[in-house]
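Asks: The following block contains the structure, expressed as structure tokens.
The values are calculated or read from the model by the stated rules, or taken from the named source; none is laboratory data. Nothing here was measured: the structure is a model prediction, and the numbers come from that model. For neighbour counting, all protein chains shown are included, and Cβ atoms are generated from backbone atoms with ideal geometry for every residue, glycine included. Heads up: the accessible areas ignore ligands, DNA and RNA and are worked out on the full protein's heavy atoms, side chains in. Shrake-Rupley method; radii C 1.70, N 1.55, O 1.52, S 1.80 Å.
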Amino acid sequence: MKKEFKSESKRLLDLMVNAIYTNKDIFLRELISNASDALDKLYYNSLTDKKLKVNKEDLEINLDVDKEKRIIKISDNGIGMTDVELENNLGTIAKSGTLAFKQMNEKEVKEKNIDVIGQFGVGFYSAFMVSNKIVVTSKSVESDEAHVWESDLDGYSIKKGKKESNGTEITLYIKEDTEEENYSKYLDEYEIKNLIKKYSDYIRYPIKMEVTKSKLKENSKDEYEEYKEIETLNSMIPIWKKEKKDLKEDELDNFYIDKFYDYEKPLKVIRSKVEGMCSYNSLLFIPSHAPFDFYTKDYEKGLSLYASGVLIMDKCPELLPDYFSFVKGIVDTEDLSLNISREMLQKTHSLKIIAKNIESKIKKELLDMMDKNVEDYKKFFKAFGTQLKFGVYSNYGMDKDKLKDLLMFTSSKKKDLISLKEYVSNMVEKQENIYYASGSTFETIDNLPQTEQVKSKDYEILYLTDPVDEFCINALGEFEGKKFINVSSESLDLDTDSEKESLTKLNEDNKEMLNYMKDVINIKEVKFTNKLKNHPVCLKSIGDVSIEMQKVINAMPTDQKINAEVSLEINKDHPIAHKLKSLFKDNLDELKNYTKALYNLARLIEGLNVENPTEISNLIADIMSK
Ligand code: ADP
């Protein structure tokens, strides 16, 4: 009986088969990766399951090509699949792929020529780009029966079949050539050899194929004869053990793209070989963009852990701190025994040492990138900076010292990201603090009245636009002995002594009026300021919670709501100041209206909502019509 593919898979299949721009070559690497995984799984299981008798030397992948019949067979003697597994694994596209796919619409994919396969890690299905029929015969090590999965793209069927030993055999019926596409090349020995060298050389099991060779005929000097011989096509050296000189161009990038389902090259590759207390090889990658699920709960951090070349854990989270969770890669060590349990692994001392080394290596490489290739670093920071800032602030700021040098914020002067070190070295004479302001975009912050006085002194301001920024800055507290000062907070103190004196006097003289206004809008304080140049009013936060932090916290889906304590500051030199004073003398009702209007204008500038929009708009219209 023929079954339909799940609808999501069907859409993706259609798209893939018709995608002209996708690199069709990669189908072979996908199938070989799957075969290699199946061999890994079998070997790994055999280490703990005594019933399984596996000899590592026997594990292999075989390719078989029949030019006449236009078929390629890829077989492995790995773990195999039961009928249920065939149904579950090949009836739908790998979960990771579909999820990403759901977030994109077809039009977008077509218009942008997105590399569907690379993007969604569709693996097995990529074989449909070159075949019009696929037959999978598989026998699981757990079962005595073999099953055959067959599909011509319209749907699939699963029935009982025959197979001597455990493993999987995949038969591809290669498409006929068309005007645009030469499919026959995939039946060519030479082409296949090249594809294996290019994409699958590092596979640690032999990939064998019968190849045609020629030799001089016996007793002849110039006559050749052809003969067949089984050849191993890959070097089998794990890529992380290869010497630099033996690595082909793009080999590491291709490995990354294949293994970690990315469609872009990594931003940076970090290789290390460590010997000593703990010996290991590591190959780490910093992606050039955040994976689609990076900032969700679904994202799992970790590095692939190999013990002497055998994969023992696909994503070992202990190898990476949370703030470096974006790093992908592998670690191969001889210091772990192969059949170590998950619980034991966590307690292993050598794993901790490796994790520590890896952490400092990543940090060193990032600092190096910032130093030598700041454009790349900015790209990195735009993708993963939030994670670093989060790292500063979580764990009660425990890790802040490790991370502070990696941080960047947007500078008011440069209009671009700069590091805190750079900020400090840019500080002008007499400047003692690091100034920052927060808001939703660069422009909103740049227009904030509170930035006026600081700018007039030629001080640089860090513009914080990421919700986590201010929490991060608060956790840091200081950098190289310089305090962080929010330009919108009371603690901003740039006035000279005489300026302060005359301001105190002004506020003292108008105390009654200011108190009256304060009671009208029910806030902590209303006062005159000399910090504003052109704007009539602004809000200042008093205490630790700023207005931006209030917004961030209150946007969280919890019941906990907070209110930043604020004061309303009035520009002492603005015409409105005189107006208020005269209203206080002879029209208290009107002063009430003015106070409400001014307070709500200040709220608007801060990006806060107007508390009672109808009342305020009537009130303003009222004032205007007088
Ligand atoms: P992915 O490899 O990303 O999981 P695939 O579509 O390539 O997605 O494969 C789906 C699943 O089918 C695999 O996860 C694996 O469980 C199973 N599978 C594929 N090829 C083989 C094979 N040669 N031997 C055993 N299982 C396989």
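Asks: Starting from segment 506-524, keep only residues that are assigned by TED's automatic domain parsing to the domain that holds residue 543, then list their pairs with residues that are among the aromatic types (Phe, Trp, Tyr) whose Cβ atoms are within a distance under 6 Å, requiring at least 6 positions of separation or different chains.
Replies: Pairs that qualify, where the first residue is assigned by TED's automatic domain parsing to the domain that holds residue 543 and the partner is among the aromatic types (Phe, Trp, Tyr), are 506/528; 507/528; 513/584; 521/599.
Asks: Determine, yes or no, whether residue 13 is more than 16 Å from the ligand (Cβ to nearest atom) and either open to solvent by less than 40 Å² (accessible area, probe 1.4 Å) or among the small types (Gly, Ala, Ser) (or both).
Replies: No, not satisfied.
Asks: Let me ask something else. Residue 609: open to solvent by 70 Å² or more (accessible area, probe 1.4 Å) and either over 19 Å from residue 445 (Cα atoms) or at pLDDT 95 or above (or both), yes or no?
Replies: The answer is no for residue 609.
Asks: Quick one: residue 43 ticks every box in (1) in contact with a helix residue (DSSP H, G or I) (Cβ under 7 Å, 6 or more places away or on another chain); (2) more than 10 Å from the ligand (Cβ to nearest atom); (3) not in a helix (DSSP H, G or I) bar one, so which box is it?
Replies: (3)
Asks: Still on this model: Just need a number here: residues in segment 16-40 that are open to solvent by 80 Å² or more (accessible area, probe 1.4 Å) and part of a loop (DSSP other than H, G, I, E, B).
Replies: Final tally of qualifying residues: 2.
Asks: (1) among the small types (Gly, Ala, Ser); (2) more than 26 Å from residue 41 (Cα to Cα); (3) in contact with a Lys or Arg (Cβ under 6 Å, 6 or more places away or on another chain): which one isn't true of residue 184, the others all being true?
Replies: All conditions pass for residue 184, except number (3).
Asks: Out of (1) without any contact (Cβ under 8 Å) to a residue 40 or more places away in the chain; (2) among the hydroxyl-bearing types (Ser, Thr, Tyr); (3) within 24 Å of residue 392 (Cα to Cα); (4) open to solvent by less than 30 Å² (accessible area, probe 1.4 Å), the odd one out for residue 348 is which?
Replies: (3)
Asks: List the number of the failed condition for residue 151; all other conditions in (1) modelled with pLDDT of 95 or more; (2) more than 12 Å from the ligand (Cβ to nearest atom); (3) of a type in the set (Gly, Ala, Ser) hold.
Replies: Against the list (1) modelled with pLDDT of 95 or more; (2) more than 12 Å from the ligand (Cβ to nearest atom); (3) of a type in the set (Gly, Ala, Ser), residue 151 comes up short only on (1).
Asks: Of all helices (runs of 4 or more DSSP H) completely enclosed by segment 300-402, which ones contain at least 2 residues that are outside the structural domain of residue 266 (by TED's automatic domain parsing) and aromatic (Phe, Trp, Tyr)?
Replies: Here the list reads 374-393.
Asks: I'd like to verify a number: residues in segment 58-87 that are within 35 Å of the chain's Cα centre (by Cα), more than 8 Å from the ligand (Cβ to nearest atom) and free of Cβ contacts under 8 Å to residues at least 60 places away in the same chain, how many?
Replies: Selection size over segment 58-87: 1.
Asks: I've got another one for you. Filter segment 165-201 down to residues that are assigned to a loop (DSSP other than H, G, I, E, B) and within 16 Å of the ligand (Cβ to nearest atom) and give me whichever is most open to solvent (accessible area, probe 1.4 Å).
Replies: This residue is 165.
Asks: Separate question: Being buried (at least 17 other Cβ atoms within 10 Å of the Cβ) and assigned to a helix (DSSP H, G or I) narrows it down to one residue among 551, 531, 527; which is it?
Replies: 551
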